[in-house]
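Engineer: Supplied in C-alpha cells, the structure appears directly below.
Values in this text are rule-based calculations from the coordinates and carry no lab data. Values in this document were obtained by computation on a predicted structure and should not be read as measured data. Note that we place each Cβ from the backbone using ideal geometry, even for glycine, and neighbour counts take in every protein chain shown.
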Amino acid sequence: MEYNTKCLIIGSGPAGYTAAIYASRADMHPLLYEGIQVGGQLTITTEVENFPGYPQGIHGVAMMEDIRQQALRFGTQMRNGEIVKVDFSQRPFICTDDNNDIIYADTVIIATGASARWLGLESEKKFNGYGVSACATCDGYFYKDKDVAVIGGGDTATEEASYLAKLCRKVYLVHRRDELRASKAMQQRVFNTPNIEMVWNSIPIEITGEENKFNKSVTGLKIQNTRTSAISTLNVDGVFIAIGHHPNTEVFQGQLELDNEGYIITRPGSSHTNIPGVFAAGDVQDKQYKQAITAAAGGCKAAIDAEHFLQENA
C-alpha cells in the first residue's frame with residue numbers, strides 16, 4: 001500500500017506525541033508510527049514527579065497514555081510498527097514501514113528516542129531475559145524478596161535501584177568510580193535507603209549462573225576492583241544494567257548528519273536537520289538534558305518548524 005501525508009512522525013514518547021498534538025491542531029493531519037516501544041522510555045519507569053501538571057506524581061505509562069489520547073483527540077492517525085527505510089534525497093520523502101507499506105511525506109519529524117546500553121559481556125547475552133534485564137519496572141517483580149545488583153552511576157541507575165529496593169531484600173549498586181553522577185536528589189534517595197548497598201570502584205566482569213536444557217538462572221555477579229584489581233562475587237539472583245542509552249538512529253545513517261555518538265545534529269535553537277523538511281526532537285538529538293519535559297518541548301518545536309516549512313514551500 002502507498003500513503004501520502006503532510007507530516008510523518010516517526011516514534012512516540014513525549015516528543016512524538018507532543019509533535020502530533022501540535023501538528024494535528026495545525027491541520028497537518030499527521031501520521032505517527034509508534035515504534036517498537038510504544039510511549040517511549042517513560043513506559044518503563046515508575047513514578048514521574050517532575051513533569052508539570054501532576055502535583056502528586058504519575059506513573060510513566062499513565063502519563064504517556066494521557067498525552068497519546070490528547071494527540072488522538074485532535075485527529076492524529078497512529079500506527080503500530082516502525083519505519084525501516086527512508087529516502088530523504090527528494091521530496092516528498094519516501095519512507096517504508098515494516099509491513100512494506102510506502103509513505104510519501106512532505107515533512108518528517110523524527111522522535112525515535114534512545115535505547116539502553118549493554119555491557120557487552122558474553123554472559124550478559126547468555127542470561128539476558130533469564131536474570132539480566134535493563135528494565136526494573138518490567139522485571140523487578142520477579143525478584144521480590146531476593147538480592148539483585150544494579151550497574152551504573154547516573155540517574156537511570158539510581159532510579160532503578162530505588163525502585164528495586166521496594167521489592168528486593170538487598171540491592172547492590174555497582175559503580176566504577178567513587179562517586180555517583182546522578183542528581184543530588186537521586187543520590188540522597190539512594191544513600192537514605194537502608195537496603196541499597198554501594199559497591200564503589202568496581203566493574204562487572206562476568207555474570208554467573210546455572211543452566212540446563214529447560215531453564216537458565218543468574219546466581220552471581222563477578223566484579224573487579226578498579227584500584228586493587230581484586231575479584232569478588234556478589235551473590236545475586238538478578239542483574240540490572242543501567243549505564244545509559246544510545247540514540248535510535250540506525251535507519252537514518254547515510255541520510256542525516258549524525259555526531260560521533262550517533263545523535264542527530266540539529267540547527268542550534270531549532271529542530272531542523274541538515275535536510276530541509278526533516279526535523280528531529282527528543283532524546284534522538286538531545287544528549288544533554290534527556291528529560292520528558294525537554295523532549296515534549298522539542299516535539300512542539302519540531303511541529304511548528306514543520307508547519308512553517310510547509311507554508312514556505314506550499
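Engineer: Which FRET efficiency value, to the nearest 0.05, do you get for Lys125 and Glu49 by plugging their Cβ-Cβ distance into 1/(1 + (r/R0)^6) with R0 = 30 Å?
Structural biologist: Calculated value: 0.30.
Engineer: Residue-wise, which Karplus ³J(HN,Hα) couplings in Hz belong to the range 13-20, taking 6.51 cos²θ - 1.76 cosθ + 1.60, θ = phi - 60°, and x for glycine or proline?
Structural biologist: Ordered by residue, 3J(HN,Hα) equals x, x, 5, x, 5, 5, 4, 5 Hz.
Engineer: Now, a different point. Taking the range 1-50 on its own, what percent of its Cα-Cα pair distances exceed 12 Å?
Structural biologist: Summing the P(r) tail past 12 Å for the range 1-50 gives 65 percent.
Engineer: For the range 221-275, what D do you get in µm² per second when you plug the Kirkwood radius from alpha-carbon pairs into Stokes-Einstein at 37 °C and 0.692 mPa s?
Structural biologist: 217
Engineer: Restricting to DSSP H runs of at least four residues, report the calculated mean residue ellipticity at 222 nm for the chain, -39500 (n - 2.57) per run over all residues, nearest 500 deg cm²/dmol.
Structural biologist: Taken over the chain, the calculation gives -7500 deg cm²/dmol.
Engineer: Okay, next question. What list of ³J(HN,Hα) values in whole Hz, one per residue of the range 235-244 in order, does the Karplus curve 6.51 cos²θ - 1.76 cosθ + 1.60 (θ = phi - 60°) give from phi, with Gly and Pro shown as x?
Structural biologist: Along the range 235-244, the couplings run 7, 10, 9, x, 10, 10, 8, 9, 10, x Hz.
Engineer: Based only on Cα atoms, what mean projected area does the convex hull of the chain have, in nm²?
Structural biologist: Result: 18.0 nm².
Engineer: While we're looking at this one, here's another question. Are there cysteines in the chain with no second cysteine's Cβ under 4.7 Å away, and if so, which?
Structural biologist: Cys7, Cys95, Cys168, Cys300
Engineer: Next question, about the same structure. Determine, at each q value in 0.20, 0.22 (inverse angstroms), the log₁₀ of I(q)/I(0) that the Debye formula gives when each Cα of the range 1-111 is one equal point scatterer.
Structural biologist: Result of the Debye calculation: -0.98, -1.13.
Engineer: How about Lys287: which lysines have a C-alpha closer than 18 Å to its C-alpha, ignoring those fewer than 8 places off in the same chain?
Structural biologist: Lys301
Engineer: Of the listed pairs Lys126/Lys216; Lys144/Lys170; Lys170/Lys222; Lys125/Lys146; Lys125/Lys216; Lys146/Lys184, which have alpha-carbon separations greater than 19 Å here?
Structural biologist: Lys125/Lys146; Lys146/Lys184
Engineer: Residues in the range 247-284 near a label at Arg91, defined as backbone nitrogen under 16 Å from the 7 Å Cα→Cβ point?
Structural biologist: Output list for this probe position: 271-280.
Engineer: Counting each pair of different Cα atoms once, what's the Kirkwood radius of the range 182-314 in Å, rounded to one decimal?
Structural biologist: That comes to 19.0 Å for the range 182-314.
Engineer: Moving on to the next point. Counting only residues 5 or more places away or on other chains, whose amide H sits under 5 Å from the amide H of Val239 once H atoms are built in the peptide plane?
Structural biologist: The answer is Val132, Ser133, Ala149.
Engineer: Let me ask another. Against the empirical 2.2 N^0.38 Å scaling, what ratio does the C-alpha Rg of the range 118-241 come to?
Structural biologist: Rounded to two decimals, the normalised Rg is 0.99.
Engineer: Run the numbers for Arg177 and Glu250: contour at 0.36 nm per residue of separation, minus the present Cα-Cα distance, in nm.
Structural biologist: So the chain would gain 23.2 nm between Arg177 and Glu250.
Engineer: Over every pair of different alpha-carbon atoms in the range 55-177, take the mean of 1/r and invert it; report that Kirkwood radius in Å.
Structural biologist: 18.3
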